[in-house]
């Protein structure tokens with residue numbers, strides 16, 4: 001109950017903050033990307049929802065999670081990947097400052113506060129009991145930067161909660177991620 005209340009509070013805070021400052025002079029782009037990084041290889045759609053908010057919808061293959069009461073491990077098996085699905089709303093808070101300083105906002109370059117909701121399957125075809133169905137939720141600070149006209153670098157750091165769906169174990173974890181993406185389409 002406390003975790004749900006805390007998540008609801010941070011979500012409300014994230015979206016209420018968008019009305020407290022001036023809008024940037026240009027809106028965020030909607031991007032279709034192929035990405036690779038710590039979570040694996042995937043395809044994502046990042047539609048621009050407003051002048052400061054996007055939602056990164058991703059699906060792909062990578063490692064699975066072994067979650068216990070006080071530990072979390074990530075198990076990557078190239079022969080038996082796990083599949084993931086995630087939703088990450090992002091609130092870009094420094095776009096006006098980047099524009100004023102003459103810095104690019106190409107491909108949604110900027111700093112953001114985000115919340116990631118992620119579901120991960122067990123490693124496909126594994127017969128052992130190391131990885132299971134998992135749900136992960138985190139809040140994080142992140143940055144996204146264009147590397148040329150088609151490449152992106154994205155990194156974030158924060159804190160989260162991971163839940164093993166099959167055995168009802170959960171734990172708090174440090175949320176660290178980085179990925180490189182090739183933008184297939186952006187407007």
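What follows draws every value from the coordinates through simple rules; no lab data is involved. Note that the coordinates shown come from a computational prediction; the quantities given were computed from them, not determined experimentally. Cβ placement follows ideal geometry from the backbone for every residue including glycine, while neighbour counts extend to all protein chains displayed.
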- Query: How much length is gained if the chain between residue 106 and residue 79 is pulled fully straight, taking 0.36 nm per residue apart and subtracting their Cα-Cα distance, in nm to one decimal?
  - Reply: 6.0 nm
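Take every Cα pair under 8 Å in the stretch 18-108 that's 6+ residues apart, average their separations, divide by the length, and report that relative contact order as a whole percent. Can you show the working numbers first?
On the way: 164 pairs, mean separation 24.0, N = 91.
After rounding, I find 26 percent.
For a test of the definition: using alpha carbon positions, the gyration tensor, and the 1.5 limit on a/c, classify the stretch 39-80 as rounded, prolate or oblate.
On the way: a/c = 5.62, a/b = 1.83, b/c = 3.07.
Oblate, since a/c reaches 1.5 and b/c is not below a/b.
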- Item | Gained length - residue 30 relative to residue 71, 0.36 nm times residue gap less alpha-carbon distance | 11.1 nm
- Euclidean distance between Cα centres, the stretch 38-76 to the stretch 111-187, Å: 3
- Sorted by Cβ density within 10 Å, fewest first, the residues 105, 121: 121, 105
- Note on the structure: Assertion target for 187, 80, 150, ordered by fewest C-beta neighbours within 10 angstrom first, is 187, 150, 80
- Query: So between residue 55 and residue 172, what do we pick up on full extension, going 0.36 nm a residue minus the alpha carbon distance?
  - Reply: 39.8 nm
- Treat the count of other C-beta atoms within 10 Å as a stand-in for reagent exposure and order 173, 92 from fewest to most. 173, 92
